[in-house]
Amino acid sequence: MGFYLITIEQAWITAGGRCQCMRLSHGHDNARCNRQLVLENRDCEGAGSWSAHHIDPKGGDILSNCEILCGECKEKIDDTEVEPSGKFGANSG
């Protein structure tokens, strides 16, 4: 199952339209990626692309388990990632 649209919209607002990835393996060094995203570029490719991602695959389709990731960070996770996101929340970055 995937996130409801309302959950994705709430996650987008929480993220402030920026990537929330904090994975050390992506070179973020305990800081948020913070790449600026484009609302209309959800599940697209290229500049400003992003998607809603489950922090914990078994954690359910709820807001606290949803993070907004830029296309680059999402691609890295899809390719090789198993590392948890680390610190995450509305007060991040």
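Details
- Among the residues of segment 72-93, those that are among the charged types (D, E, K, R) and at pLDDT 50 or above comprise Glu72, Lys74, Glu75, Lys76, Asp78, Asp79.
- The set of residues in segment 1-12 that are assigned to a helix (DSSP H, G or I) and farther than 19 Å from Cys73 by Cα comprises Leu5, Ile6, Thr7, Glu9, Gln10.
- If you go through segment 56-72 and pick out every residue that is surrounded by 15 or more Cβ atoms within 10 Å (Cβ to Cβ) and not in a helix (DSSP H, G or I), you end up with 5.
- Here is the figure for segment 50-71: residues that are touching a Cys at 6+ places or on another chain (Cβ under 8 Å) and either modelled with pLDDT under 95 or not charged (D, E, K, R) (or both) total 9.
- Flag if Asn34 is modelled with pLDDT of 95 or more and farther than 22 Å from Tyr4 by Cβ: yes
- Residue within segment 40-49 that is modelled with pLDDT of 95 or more and part of a strand (DSSP E or B) present: yes
- Residue within segment 20-29 that is among the acidic types (Asp, Glu) and loosely packed, with under 11 Cβ neighbours inside 10 Å present: yes
- Qualifying positions in segment 18-38 - without any contact (Cβ under 8 Å) to a residue 24 or more places away in the chain and not in a strand (DSSP E or B): Gly27, His28, Asp29, Val38
- Where a residue in segment 39-52 is closer than 11 Å to Gly17 by Cα and its partner, wherever it lies, is exposed (fewer than 15 other Cβ atoms within 10 Å of the Cβ) and hydrophobic (A, V, I, L, M, F, W, C), with Cβ under 6 Å and at least six apart: Gly48/Val38
The values are calculated or read from the model by the stated rules, or taken from the named source; none is laboratory data. Being a predicted model, the structure only gives us computed values, none of them experimental. Every residue, glycine among them, receives a Cβ derived from its backbone with ideal geometry; neighbour counts consider all protein chains shown.
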